[in-house]
Each structure stands twice: as C-alpha cells, then as structure tokens.
1. Would you list, by chain and number, the lysines whose Cα falls below 16 Å from the Cα of Lys339, excluding same-chain residues fewer than 8 positions away?
2. Show that you can apply the helix-only estimate: for the chain, add -39,500 (n - 2.57) for every DSSP H stretch of four or more residues, divide by all residues, and state [θ] at 222 nm to the nearest 500.
3. Of the residues Phe107, Phe90, Phe154, which exhibits the maximal mean-square fluctuation in a Gaussian network model of the chain defined by a 10 Å Cα contact cut-off?
4. Please give every one of the lysines within straight-line cross-link reach of Lys57, meaning a C-alpha to C-alpha distance under 18 Å, and leave out same-chain neighbours fewer than 8 residues apart.
5. Classify segment 131-289 as rounded, prolate or oblate, taking a ≥ b ≥ c as the square roots of the eigenvalues of its Cα gyration tensor: rounded when a/c is under 1.5, otherwise prolate if a/b is larger than b/c and oblate if not.
6. How many angstrom separate the Cα center of segment 283-347 from the Cα center of segment 38-59?
7. As a test question: what accessible area, to the nearest 10 Å², does Val72 have when a 1.4 Å probe is rolled over all protein chains in place?
8. Which of rounded, prolate or oblate describes segment 121-178 when judged by the alpha-carbon gyration tensor and an a/c cut-off of 1.5?
Amino acid sequence: MLYRIIDADDLPSLIRAFMESYELVAPVAQGQGYIFDVIENPDDVVLDYPTTMASPKKYFLPPEETLFKFDVAENDVSEYELDVKPRVLFGVHPCDLNAIERLDAVFLDSRYSDPYYRARREATLIVGVGCMPTSSCFCHRVDADEAPRGYDLFLQDLGDRYWVSISSVAAAEILEESTHLREATDDDRAAFAAANHRRAAAFDESIPNVQDIAMLMDTYHRDPFWAELGSRCLNCTACAAVCPTCMCFDIKDILSPDAKTGERVRTWDCCTSPEFAQVAGGHNFRADERGRVRHRMYHKLNGFKMKHGTMLCVGCGRCVRACKTNINPIEVFKFFAEKTRSSAVTTKEANDAE
Ligand code: SF4
Ligand code: SF4
C-alpha cells in the first residue's frame, strides 16, 4: 500500500481524468438527501455527504436484469450479451466498501461465481472516502468502520489536502497523471491521525456493544421478543431495498404474448416479503412476520458470520432510517444487551444466595 498527498484543488482534475475513460458514479445531492448517480459535471460530486439513501450495490447487482433470452419455437437459448461499462465508483464510505466485500464473498465464490456480477465488478474501479458518522451509523459495532482493502484509492480529507491510500496500478497511473502527488510529511501524518481520532470519537457509544451476539441469538431463538418485533413489520421490504448487503433475488421466465419467445429475468427479492419462502404446492416455510423478521436478523448477525467469518450487517444505518416501524439491528443489540445485563444480575443474585 502506498500513501501520497494531493491538494484539495486537484480533486476536480482527478475526477475529470477518470471521466475520460470511465463512467463515473459518485454521491450527488437529491432532494433532502444524497444518492449515487452517474456524473456529467464534476462540480456535482459531493464528498462530505452523510450516508446515501440507497447503497451503490445496484451498480453490481441491478434491481432487474435480463439473464438471457430464449426461443420456445426453436427450443433454443441465446447467448447472453452483457453490456458492461468501465466504471469508477467514486466516494464510497468504509461501510459500503465492507458491504461490497460481503457481496464479493457470495457472488465471486470460486465454485459458483456469478458471471453477471463478476463482469461488472471487474470493470469497476473503486475510490473510497473517509466519513463522519451520523446518528444512525453503527459500523463501529460490527467491525465495518475501517476498510483496510476493497478500494483502488481511498481519500481522507485533511482540510486543504487529501491523504490518498493507493492500492491499484490502474488508479495510481490516473492519479499521477492528473494531480501533483507528493510524499506525506510528518505534519500530514499528524493531521491524518487527528482526523481518524475525531471520527472515532464521533460514534454513538450508547449503541450497545454486544459480545457473542451469534451465540445469544441461538439461546433466545424462541423469545417473545421476535414475535413483538415481527408484529410491527409491514412487509414493505424497504429495509432490503436500501441495504448494501441484501442480495437475495428471484428469477422468472417471462414469455412474450405470442408464447414463442421470452426472457429469463432476475429481480431483487427480500426475506421479509410474505412470498419469499413459499414453495411449490403453497407451503410457506416462514409464513408469519415473526419468522421472517427473525430470519433477516439471523442472517445479518449470525448465519453469514458462521460461514464467512464476518457479519452481513455493516452498520450503515440505512434500514434504521428506512423502516417506519423501527425494526433494525440496533433494536436487536438493545434487546440482547438487556438480556445479558439481567442474566448477569440473576447469576450474581444466585451466587450471593449460595
Ligand atoms: S422490517 Fe421494516 S422496512 Fe423491513 S419489511 Fe418490515 S416494516 Fe418494512
Ligand atoms: S441491515 Fe441495516 S444497518 Fe445493516 S447493512 Fe443492512 S441497511 Fe445497513
């Protein structure tokens, strides 16, 4: 890993240099919030943004895509033609960099690699950017507040300059050609450490830090908490739509009206949707909201970790804002923090009584 410094004034030049060879996607203001969008004018890019409303996952896994077309009359399947643009995803926060790593773990799996995801991923350079936590961020509770890898460049704002972490040759060449790079001085290193310190101090420490949450979830699998949480679910699926790591999809064959040709289409799906676990014959393995909400939280905080070693939730806080009935991982943390505290009290009382 290389570290260099660029002047803040050099940033537009870097953006323009990327735009010469790539489609550039970056955060822009929209309404009262921010979204990732294709950039036409470098001045539109906003780097000191709070978390965007939706995540950048759609640039790797579109909400809807045709996988291939078929001809029923000819009993034939056409080759799939994927239109993949070389793209730069610019200004990605550490939580979203961690989310892309989680998606990679699934879609770039060496046994069942997804060719559609892989093609887009390999055509994309990623430029990360440091951030300040908002009131709904809890990446510090799920080990996703730092992104030690998963980017080509990473920019840390130091006021009149950026600290740039460089991890790919392709991005380094564009950086070198378009900016006045210089080596970091002791002052730069001190400013970088101070920026990291300010950020670490800005996280909400009142959000519980629950150790062994996976084990606790197994212990309290049947607790009435899950029924209460589920009773609030509206089945709206907003949580999955905004989540950077929700990756479930449905596949349908759609026939043309003459029933001669058609296409196989993949669309986003969500485990809080009532039909998600319904199978042929009509049986539904998670027919009620309790089971669906519990499953979602289990997959985020327990199941994925068992297989991949990290939680699937990266603490971006988008579902905290999107869910109108306050169903989110922070609620789960609070429940388990209380359970842990009350069982510690009970154990102490039992020990004291002996
Ligand atoms: S958990 Fe919240 S956002 Fe998700 S489906 Fe239920 S009500 Fe909607
Ligand atoms: S579950 Fe919520 S907080 Fe966690 S990654 Fe998804 S949207 Fe972000």
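The values are calculated or read from the model by the stated rules, or taken from the named source; none is laboratory data. Note that this is a predicted model, so its numbers are computed, not measured. Reconstructed Cβ throughout: ideal geometry from the backbone, glycine too, with neighbour counts over all protein chains shown. Heads up: the accessible areas ignore ligands, DNA and RNA and are worked out on the full protein's heavy atoms, side chains in. Shrake-Rupley method; radii C 1.70, N 1.55, O 1.52, S 1.80 Å.
1. Lys348
2. Computed ellipticity for the chain at 222 nm equals -10500 deg cm²/dmol.
3. Phe107
4. Within the straight-line cut-off, Lys57 pairs with Lys85, Lys300.
5. Here segment 131-289 falls in the oblate category.
6. About 28 Å separates the Cα centre of segment 283-347 from the one of segment 38-59.
7. It works out to around 80 Å².
8. Note, shape of segment 121-178 comes out oblate.
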